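What follows is a set of notes on a single structure, which appears directly below.
The values are calculated or read from the model by the stated rules, or taken from the named source; none is laboratory data. Keep in mind that what you see is a predicted model, and the values were worked out from it rather than measured. In this analysis, Cβ positions are derived from the backbone assuming ideal geometry, glycine residues included, and neighbour counts consider all displayed protein chains.
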Amino acid sequence: MPTSTRFVVSLHMLALMAEHGEAPLRSEDIAISVNSNAAVVRALLLRLAAAGLTRSQLGNRGGAMLAKPSSDIRLVDVYQAVEDRNFFAFHRQPPQGEGLIDRHITASLESMLTPVREALEEKLAGLTLDDVMDDIHTRGGNRDARESDQIQIGRAHIGEERRQAVG
């Protein structure tokens, strides 16, 4: 069964934007960092923008950036912007049998699993993008990760310009 990576990839994208402040990031550069393609990144950016978490700057030096401070971006808001609300997927087609299990399995599982989803969302509501950034910086030994990420994204941008000049 496939699982969704939209939430984690979106947090990665938002962390990049938080680290770059007001400097817009191109979807192509974000895609390199998250190891995906730019179309996937743009689809997630649309969802994040619709939720008021990111904004876009148009033009030659345009790109995506945070729409509000990272301290105001709750992880639950990111989760709800990019993931389905049904944390647990139920049958694609409702059970058809007339037996005891067939008639009551969905209602039974929904009553047990809904509080699990609610607990997850409650925990995520208490965490912000700032918490993610603090943890990243702590794990990185408080070194200046911003400079390292900017170098990587700058290299990607230079590589793209070279490809365009050759092609």
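Checked against the criteria, Thr3 counts as of a type in the set (Val, Ile, Thr), out of contact with any Asp or Glu (no Cβ under 8 Å at 6 or more places or on another chain), exposed (fewer than 11 other Cβ atoms within 10 Å of the Cβ) and not in a strand (DSSP E or B).
Looking only at segment 86-120, filter to residues that are at pLDDT below 90 and hydrophobic (A, V, I, L, M, F, W, C); which one of those is surrounded by the most Cβ atoms within 10 Å (Cβ to Cβ)? Taking the candidates together, the pick is Phe87. Selection of segment 57-85 for residues being polar (S, T, N, Q) and loosely packed, with under 15 Cβ neighbours inside 10 Å yields Gln57, Asn60, Ser71.
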